[in-house]
Amino acid sequence: MIGIVGYGAYIPKYRIKVEEIARTWRKDGKAIANSLNVEEKAVAAFDEDSCTIAVEAARRAVEMSGIEAQKIGGVYVGSESHPYAVKPTASVVAEAINAGPELTAADLEFACKAGTAGIQMCMGLVIGDMPDWIEYGLAIGADTAQGKPADALEYTAGSGGAAFIIGKKESEIIASIDQTFSYTTDTPDFWRRQHAEFPRHAGRFTGEPAYFKHVISAAEGLMAKAGLKPKDFDYAAFHQPNGKFPLRVAQMLGFGEKKVRRGLLTPMIGNTYSGATMVALASVLDAAKPGEKILAVSYGSGAGSDAFALTARKPIEKKRPAVPVLEMIKEKEYISYAEYAKFRRKLKSL
Amino acid sequence: MTNGNLPLIWRKFSERYLLQGNCCETCGTCFFPARQICPNCRRKGKLVPKEMPREGKIITYTEVFTGPYGFEYETPYFIAIIELSNGARLLSQVVDSPKEKIRIGAKVKKVFRKISDIDPEGPIAYGYKFKVVG
Ligand SMILES: [Zn+2]
């Protein structure tokens, strides 16, 4: 058996309302918020970045798991806003949770799905048949998403992340990962070139041939492989670039809205990119009872989806996190567009 | 963090990331930052490295309106002397906390933040700050 032995999420406390962003650009904020189904987004503070978010999430995951950080043998951090182009975020995280130095670590990038790719890599390491190599792997997805001022993505590009510790000891696993399936094609829907400050995207092209095609193909491939149907799942957590796509994809796949609700966070925190599917899964696990089945499907532009079938297990009842995601995001402070521009260093002199 | 003092800062990573200090096994006193000798026990003291607890309370605080180089964009901000739950005291920035909650005796917990990031092409210094809880 392989699965999750602990997880932690971190969402910065600052929020900017979609209407406040729209006000700056003299657009109709209410209409934009409605069309995206996003009210507000989380903004990392001036002294936060993907690395500090990753560390906070990782520390919470370690605390919840009850395992010694020294036993973690692999750390992977997925992000598209790693603070350095060269120099790993993962080594800072490993040291900041006192997991090292005897471990392997690397930074990952696959637009919004690098975190779930990290989960798969950890699964491989932990279950692989190299004897006594790695007992636990830590996979993190964290972002301080870069939205170009006045671009459509500025309304949704949020900050946050989540960390998952993967292990194989049955007595510790809170949710088993029963099956995983990925679907990858070369689709140029969204990108950021080296040295470019902001990503660019292909507008409407990011929908049908990109998000929907990959999420649906991965979900259907997974269900076929695992012999499961939508009705077998109690929850579904999808990547959520806005508040509408995950609801529509759920409907297209045959999942009722009820199964998606618990993991639908983008309306309140925005799209946390590499963190999005991970935070959604964390919120679902906060509520999941032993025996309940969960579908999680990420999406990363460029493009690919990783799908997972999970089953919550008995140890989850004794290992609930100190603060559930839905509770954590209630602690918030609203900021103006000017403060947002400062926090995210969008002003030239910063 | 400028390139000139990198080795100095690098040596402090365990202190800055993990609140690594030390405790005297003879008298039980904990120190942060770590001390070379226990001031209570002198030569009889035996100091062992230890991660400090991540919770504490504010002993005293002040609001900074004119920050030093590297902090000028963060003003006004709070710094406080914090007593950790094991009695060790340290000076730290207090962030993410509403002004009215930053009070003597307020409970705080450690958070991991950027301490300085002044050169866009230079290294970033990470470390501890504290935030008021409850
Ligand atoms: Zn002593």
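Taken together, the values in this text are just the output of simple stated rules run on the coordinates, not laboratory data. Computed from a predicted structure; not experimentally measured. Cβ placement follows ideal geometry from the backbone for every residue including glycine, while neighbour counts extend to all protein chains displayed.
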Item to check | All aspartates and glutamates inside 18 Å of B:Lys46 as judged from Cα atoms, apart from same-chain residues fewer than 8 positions distant | outcome: B:Glu25
Checklist entry - Counting other C-beta atoms within 10 Å, which of A:Lys332, A:Lys289 has the fewest, and how do the rest follow? => result A:Lys289, A:Lys332
Checklist entry - How do A:Lys229, A:Lys13, A:Lys113, A:Lys213 rank when sorted from fewest to most other Cβ atoms within 10 Å of their own Cβ? => result A:Lys229, A:Lys213, A:Lys13, A:Lys113
Checklist outcome for this item: Long-range amide H partners of B:Glu51, meaning residues 5 or more apart or on another chain whose placed amide H is closer than 5 Å, are B:Gly21
Item to check | Net charge contributed by nearby residues that have their C-beta within less than 10 Å of A:Lys346 (K/R +1, D/E -1) | outcome: +3
Checklist entry - Cβ under 12 Å from B:Arg113's Cβ, B:Arg113 left aside: what net charge do those residues give with Lys, Arg +1 and Asp, Glu -1? => result -2
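Restricting to DSSP loop positions (anything but H, G, I, E, B) with no more than 15 other Cβ atoms inside 10 Å of their own Cβ, which GluC sites (Glu not before Pro) remain in the range A:19-122?
A:Glu68, A:Glu102
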Item to check | FRET efficiency, A:Ala106 to A:Ala31 (Cβ-Cβ, R0 45 Å, nearest 0.05) | outcome: 0.60
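With the contact rule set at Cα under 8 Å and sequence spacing of 6 or more, what percent relative contact order holds for chain A?
Values: 909 pairs, mean separation 87.5, N = 350.
RCO, chain A: 25 percent.
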Item to check | Between the range A:306-350 and the range A:180-252, the Cα center-to-center distance that results, in Å | outcome: 21 Å
Checklist entry - Quick one: Cα centre-to-centre distance for the range A:104-165 and the range B:81-134, in angstrom? => result 27 Å
Checklist outcome for this item: Under the 7 Å Cα-to-Cβ spin-label approximation, B:Ser14 and A:Leu350 lie apart by a distance in nanometres of 3.6 nm
Item to check | Three-way shape call for the protein assembly as shown based on the alpha-carbon gyration tensor, with the a/c threshold at 1.5 | outcome: oblate
Checklist entry - When a footprinting reagent is the concern and you count Cβ atoms within 10 Å, what order do B:Lys46, B:Lys107 take, fewest first? => result B:Lys46, B:Lys107
Checklist entry - Under 5 Å between amide H atoms, partner at least 5 residues away or on a different chain: which partners does B:Tyr77 have, H built in plane at 1.01 Å? => result B:Val64
